[in-house]
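Notes to accompany the following structure.
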Amino acid sequence: MITPEVVYLGSAFLREALRQAIELTDSAYAHTNERVKTSLSEGSMRPSDLLAQFKQTGPHTRAHIRAAEVLDNTVELIREMVYTHTMATPTPNLTDSTHYGGLPTPPTTAGCPLSMKTSWEPLEAGTLSTATTTSPCPHVLYTHNENISLDSSLSHLLVEWGQWIDHDLVLTPQTPSTAAFKTGADCSQTCSRDTPCFPIEIPLSDPRTGIQSCMPFFRSAPSCFGSVATPPHRHREQLNAITSFVDASMVYGSTDQSASDLRNLSSPLGLLALNPQHSDQGLGMMPFLPRKQSHLDPCGPRTGRNASGAETPPDQNMTSCFQAGDSRANEHLGMIALHTLFLREHNRLARELKQLNPHWSPDTLYQEARKIMGAIHQVMEDMECLD
Ligand code: HEM
């Protein structure tokens, strides 16, 4: 084990790799940030950028992702130095042993936390080991439409429920960079596998060959734990940015801040906040997400800029996005419907509880209704759905 007091032969190289990795990581993030801003203000946003908006994570998770990517890039650079023998010529000031003494372990130097605590905090509780993937079931792959019959007892809600529970359990964050760290290549254009670009090759036998030779694909963000530098795992792992429990976190949020943002804190009934502008025949709707600068808000209605840079009026067909406990609430109408349904259910439960327990504080009403909601989800998932 390396201790901070000892100077090791490789310390200077480790420092150099780390310095380069920080530079590569931060400049890739800044570059993507600028590109997305420009696409937003020009109204030319890519579907993958919109997907990234749906998978927003909090500052704690973002800090972890940056540390993990710095670590990953450091290890990659060291590997490259070893293979190309560039380790023979470190920058002179990096050999200054008083300043660049022995390093602590690479993960901590990259900014990774020392250990993963177990708690309700999403990041700490939620890192999942990914199960080994197997090939998709051949029966599913090769079944013709004629062999599929409509189910007489199950509706499309079964499918929606699957996604609903998925959004309660897991959100695997993607890296903030859409360009290769090392080469700067745009992941949606390149066919070369430079992290985080992981394009899928289209085989020559595919009738689409000739149009494009690969499909764009991005790797999920790495986790500090289970990385190449932290034995015994030595393989890349992903993060879960939300609570991994069946606890209706998609309704209430996975952090204290988001839970508080979603509440109607001025109500004596422990209610969740509703949309102040819109309702459906007296039934509440989700609030809208707070607007960013209008020309940078992917949810619209937003102003654009024409070729000469002048602001164009907002597109009237666009609407705002809803605010919910999970950032994927706006993915499609089915999700919006389920979010609306359970938002109303929380408020219905809180009102009923108030009738039964008039002495309860708003916070007790909120917490008790929330507990019942979590329990409803566990019962429905375990006994109705999985069973
Ligand atoms: C119209 C329906 C659906 C849409 C538009 C949709 C869309 C998406 C998108 C955009 C992603 C993220 C992909 C990425 O990060 O690259 C995703 C992930 C996922 N979807 Fe769906 N999905 C739908 C239905 C479903 C259903 C029905 C299920 C389950 C029964 C499901 C389960 C999942 C899971 C488990 C993930 C990975 C979540 C994570 O680890 O972050 N989805 N989906």
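Using beta carbons and a limit of 7 Å, which pairs, at least six apart or on different chains, have the first residue in the stretch 141-166 and in a helix (DSSP H, G or I) and the second one near the ligand (Cβ under 8 Å from one of its atoms)?
Here the result reads GLU160/GLY334; GLN163/MET335, each pair linking the stretch 141-166 to a residue that is near the ligand (Cβ under 8 Å from one of its atoms).
Being within 11 Å of the ligand (Cβ to nearest atom) and among the aromatic types (Phe, Trp, Tyr) is the filter; apply it to the stretch 142-165 and report the residue that is surrounded by the fewest Cβ atoms within 10 Å (Cβ to Cβ).
Looking at the filtered set, the residue picked out is TRP161.
I'd like the full set of residues that are farther than 16 Å from PRO173 by Cα, modelled with pLDDT of 90 or more and not hydroxyl-bearing (Ser, Thr, Tyr), limited to the stretch 232-254.
The answer is PHE245, VAL246, ASP247, ALA248, VAL251.
Of the residues THR130, THR190, THR209, THR175, which single one is modelled with pLDDT under 75 and either surrounded by 12 or more Cβ atoms within 10 Å (Cβ to Cβ) or outside the structural domain of GLU80 (by TED's automatic domain parsing) (or both)?
Testing whether each residue is modelled with pLDDT under 75 and either surrounded by 12 or more Cβ atoms within 10 Å (Cβ to Cβ) or outside the structural domain of GLU80 (by TED's automatic domain parsing) (or both) leaves just THR130.
Specify the residue that is nearest to TYR29 (Cα to Cα); the eligible residues are those in the stretch 168-177 that are touching a helix residue (DSSP H, G or I) at 6+ places or on another chain (Cβ under 7 Å) and within 8 Å of the ligand (Cβ to nearest atom).
Among those that are touching a helix residue (DSSP H, G or I) at 6+ places or on another chain (Cβ under 7 Å) and within 8 Å of the ligand (Cβ to nearest atom), it is GLN174.
One line per residue, one yes/no per condition, for (1) within 21 Å of LEU169 (Cβ to Cβ); (2) part of a loop (DSSP other than H, G, I, E, B); (3) modelled with pLDDT of 95 or more:
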{"position": "ARG302", "(1), (2), (3)": "no, yes, no"}
{"position": "SER308", "(1), (2), (3)": "no, yes, no"}
{"position": "THR319", "(1), (2), (3)": "no, yes, no"}
{"position": "GLU331", "(1), (2), (3)": "yes, yes, no"}
{"position": "ASN347", "(1), (2), (3)": "no, no, yes"}
{"position": "GLU352", "(1), (2), (3)": "no, no, yes"}
{"position": "TRP360", "(1), (2), (3)": "no, yes, yes"}
{"position": "CYS385", "(1), (2), (3)": "yes, no, no"}
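Sort out which residues of the stretch 8-49 are surrounded by 15 or more Cβ atoms within 10 Å (Cβ to Cβ), more than 30 Å from the chain's Cα centre (by Cα) and either modelled with pLDDT of 90 or more or in a loop (DSSP other than H, G, I, E, B) (or both), and write them in order of number.
Answer for the stretch 8-49, where residues must be surrounded by 15 or more Cβ atoms within 10 Å (Cβ to Cβ), more than 30 Å from the chain's Cα centre (by Cα) and either modelled with pLDDT of 90 or more or in a loop (DSSP other than H, G, I, E, B) (or both): just GLY10.
The values are calculated or read from the model by the stated rules, or taken from the named source; none is laboratory data. Worth saying up front: this structure is predicted, and the values here are computed from it rather than measured. A quick note on method: Cβ atoms are made from the backbone with ideal geometry, for glycine too, and the neighbour counts reach across all protein chains shown.
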